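The values are calculated or read from the model by the stated rules, or taken from the named source; none is laboratory data. What you are looking at is a predicted structure, and each value in this text was computed from that prediction instead of being measured. Because the Cβ atoms are built from the backbone with ideal geometry, glycine has one as well, and the counts that use them run over all protein chains shown. Protein only, heavy atoms only, side chains kept; ligands, DNA and RNA dropped before computing areas. Shrake-Rupley method; radii C 1.70, N 1.55, O 1.52, S 1.80 Å.
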Amino acid sequence: MFTSLVYRLQRLREAFLSKHGEPASFYASAPGRVNLIGEHIDYCGYSVLPMAIEQNILAAVSVNTSQTIQLANTNGKYKDFAASADDLLVDRTDPQWHYYFLCGVRGIQEHFSLAPLAGMKCVVDGTIPASSGLSSSSALVCCAGLVTMEANQKSLSKVTLAEICAKCERYIGTEGGGMDQSISFLAEEGTAKLIEFNPLRATDVKLPDGAVFVIANCCVEMNKAATSHFNIRVVECRIAAKILAKAKGLEMGRLQKLGEVQAELGVSLEDMLVFVEDILHPEPYSKDEICKTLGITPEQLCADILSTNTQHVTQFKLYQRAKHVYGEASRVLQFKAVCDSAPSGAVLRLGELMSQSHKSCRDLYECSCPELDQLVDICLKAGAVGSRLTGAGWGGCTVSMVPSEKMDCFLRTVREQYYMPDARRAALEKQSLFVTKPGQGAAIFTEDA
């Protein structure tokens, strides 16, 4: 174990003992992640390429027969919470930290039809910056699912745990695609993973020697569940899929994802990009035009296609979203192919793909922000061969690929040009700028393990 993890476990042990007057029975961990490439395409059915990071969620747990879930956090800004096992309501209008934990509990409870549910006392400690695009919320859901399984003496495969946690996080209102939960459970130290869906599977991706990945937080927070930005993109992709499907003579009712349309047609990603150009127009679509194109009523659009927090949207950029998704899906496959073949110039080629990804996220998917764009620009000028936003966007982090010999100079330049000129950023710099490498997945362990 890393010295820092041993230190955190010691602190967590003491916090649990102080809070509850008894020792914890077991501990659980679930890592955050950085997505190297493949943004906003998992919920469209496409593969992504993340790796786990060292920053994680730790939980100390004891089990009892109270059928009550008692939650506390070592960070004082997150308040204590308690809920009865038969009243695990998740308020999606107020996405507080404990509701993410309850999502994981409910997922396991419902999967096994647990009645009664074991009571638990939990103290949580986290080192993943909140709302940073590094999957702090999904790591908390995964950690909660893991401890609930253990507390109730059940056993599941990592793949099943990932699928349950991806599904149950939707209780908080975010219509994600499953990448975050999958890498949290399926990660292995020393390798990135190509995560594929339907069925869920993970393939090792050996990253090239001679470069490191550096995460930099732009210090703008973005909570997916607290805004409609994320779900609007999900809905736009869903509508684009249906319009493309109808135009190509497919039965659009059962097709929800852009990836499903490609699979049904049996064509390449390049072909899908041609179809996007031919079928969709760059101007925003109104609700009325969508209804006429699909042959549905406004009521059907609202009930069957829009989500709860996207009912207010009046304009939909379908061409731009579909073009990003098919282009980004292609970049993921190219990234893996370069890693697999390890040609000369691999680092430069991977960097180019990452920078292309950022431009697509910025211009077509419109999920960047001025601070992220500024930070990417600084990272590239500081020596990165590629840099992009990572995570949902609209704030959070960038990930940059930096030649190993330039790392120290890179870190110094980014520190001086982005963090130090701003007092708030400067105060956050130590936890916001760091080199990362592929970490291990979620685990249950005892204190002496």
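Looking across the range 420-449, the residues that are in contact (Cβ under 8 Å) with a residue 12 or more places away in the chain and of a type in the set (A, V, I, L, M, F, W, C) come down to LEU428, LEU433, PHE434, VAL435, ALA442, ALA443, ILE444, PHE445. Scanning the range 153-189 for residues that are surrounded by 18 or more Cβ atoms within 10 Å (Cβ to Cβ), in a loop (DSSP other than H, G, I, E, B) and at pLDDT 95 or above yields one hit, ALA187. You will find that of ALA52, ALA15, ALA30, ALA85, the residue that is farther than 23 Å from CYS397 by Cβ and either of a type in the set (Asp, Glu) or touching a residue at least 60 places away in the same chain (Cβ under 8 Å) (or both) is ALA15 and no other. The residues on offer are THR174, THR148, THR127, THR191, and the sole one that is closer than 30 Å to ALA337 by Cβ and among the β-branched types (Val, Ile, Thr) is THR191.
Scanning the range 6-55 for residues that are of a type in the set (Ser, Thr, Tyr) and outside any loop (DSSP other than H, G, I, E, B), we see that the one that is most open to solvent (accessible area, probe 1.4 Å) is TYR7. Of all residues in the range 213-232, those satisfying the criterion of being part of a helix (DSSP H, G or I), open to solvent by 20 Å² or more (accessible area, probe 1.4 Å) and not aliphatic (A, V, I, L, M) are LYS224, HIS229. Across the range 282-292, a minimum of one residue is classified as within 20 Å of SER228 (Cα to Cα), open to solvent by 40 Å² or more (accessible area, probe 1.4 Å), at pLDDT 95 or above and assigned to a helix (DSSP H, G or I).
Taking the range 190-212 as the range and being part of a loop (DSSP other than H, G, I, E, B), open to solvent by 50 Å² or more (accessible area, probe 1.4 Å) and within 29 Å of GLY383 (Cα to Cα) as the test, the residues that pass are GLY190, LYS206, ASP209.
Give the range 373-396 a look and list any residue that's out of contact with any helix residue (DSSP H, G or I) (no Cβ under 8 Å at 6 or more places or on another chain) and open to solvent by less than 10 Å² (accessible area, probe 1.4 Å), or say none.
Once the filter is applied, which keeps residues that are out of contact with any helix residue (DSSP H, G or I) (no Cβ under 8 Å at 6 or more places or on another chain) and open to solvent by less than 10 Å² (accessible area, probe 1.4 Å), the range 373-396 yields THR390, GLY391.
Within the range 263-281, residues that are within 18 Å of ASN198 (Cα to Cα) sit with their Cβ atoms under 8 Å from residues that are assigned to a loop (DSSP other than H, G, I, E, B), at 6+ positions apart or across chains, in these pairs: ALA263/GLY45; GLU264/LEU250; GLU264/LEU255; LEU265/LYS248; LEU265/LEU250. When the range 318-345 is limited to residues that are of a type in the set (Gly, Ala, Ser) and open to solvent by less than 10 Å² (accessible area, probe 1.4 Å), the one that is farthest from SER404 (Cα to Cα) turns out to be ALA322.
Scanning the range 397-412 for residues that are over 21 Å from LEU49 (Cα atoms) and open to solvent by less than 10 Å² (accessible area, probe 1.4 Å) yields one hit, PHE410. Selection of the range 247-270 for residues being surrounded by 18 or more Cβ atoms within 10 Å (Cβ to Cβ) and of a type in the set (Lys, Arg) yields only LYS257. Of the strands (runs of 3 or more DSSP E) lying entirely inside the range 335-440, the ones with 2 or more residues being among the hydrophobic types (A, V, I, L, M, F, W, C) are found at 397-403, 433-436.
The number of residues in the range 293-313 that are closer than 23 Å to ILE41 by Cα and part of a loop (DSSP other than H, G, I, E, B) comes to 4. Selection of the range 120-170 for residues being of a type in the set (Asp, Glu) and more than 15 Å from the chain's Cα centre (by Cα) yields ASP125, GLU150.
One line per residue, one yes/no per condition, for (1) of a type outside the set (D, E, K, R); (2) under 23 Å from ALA30 (Cβ atoms); (3) over 25 Å from the mean Cα position of the chain (by Cα):
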residue	(1), (2), (3)
LEU364	yes, no, no
GLY393	yes, yes, no
SER404	yes, no, yes
LEU433	yes, no, no
THR436	yes, yes, no
GLY439	yes, yes, no
PHE445	yes, yes, no
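Residue-level analysis places GLN311 outside the set of residues that are closer than 22 Å to THR227 by Cα, open to solvent by 50 Å² or more (accessible area, probe 1.4 Å) and in contact with a strand residue (DSSP E or B) (Cβ under 8 Å, 6 or more places away or on another chain). Considering only the range 56-77, I want to know if a residue exists there that is closer than 30 Å to GLY351 by Cβ, under 24 Å from the mean Cα position of the chain (by Cα) and at pLDDT 95 or above. Among the residues of the range 56-77, at least one is closer than 30 Å to GLY351 by Cβ, under 24 Å from the mean Cα position of the chain (by Cα) and at pLDDT 95 or above, which makes the answer yes.
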